[in-house]
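For reference, the structure is listed below as structure tokens.
Taken together, the values in this text are just the output of simple stated rules run on the coordinates, not laboratory data. Owing to the predicted nature of the structure, the values given are computational and were not obtained by experimental measurement. Note that we place each Cβ from the backbone using ideal geometry, even for glycine, and neighbour counts take in every protein chain shown.
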Amino acid sequence: MELRKIETNNELLTLVIDGNLDADGSRSAQPHLDEIISDLSHPEVEIDLARVGFLDSSGVGAIVYLYKRLVERRRNMRIENATGQPLEIINLLRIDQAIPVNSQKH
């Protein structure tokens, strides 16, 4: 799994995840998530799941962890480009009730 951070503008940071967001992927993502949480320069964070083919409970935990920490700091987060199995898990667990999913603002 690979993570890339893209600064679209001063407001928005996009975290592109490439690979499976499973136990191994979540473990390797953790330092990057903590870095995003501690860097207050972007009030909006979006997670791009276009290249994620598999999401398990560890991945869901990582996403929820990031979301909760950002909200504590009065920042916003959304999930974009979720499809296939990851989107099924997100819908099944009703994550979209708390975190905006596939709601890209243009």
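List of remarks:
- Residue within segment 12-32 that is at negative phi, touching a residue at least 60 places away in the same chain (Cβ under 8 Å) and touching a helix residue (DSSP H, G or I) at 6+ places or on another chain (Cβ under 7 Å) present: yes
- Some residue of segment 37-48 being within 17 Å of Pro100 (Cβ to Cβ), under 13 Å from the mean Cα position of the chain (by Cα) and of a type in the set (A, V, I, L, M): yes
- Output for segment 49-70, where each listed residue is crowded, with 17+ Cβ neighbours inside 10 Å and in contact with a Leu (Cβ under 7 Å, 6 or more places away or on another chain): Val52, Leu55, Gly59, Val60, Ala62, Leu66
- Val52 in contact with a Pro (Cβ under 6 Å, 6 or more places away or on another chain) and aliphatic (A, V, I, L, M): yes
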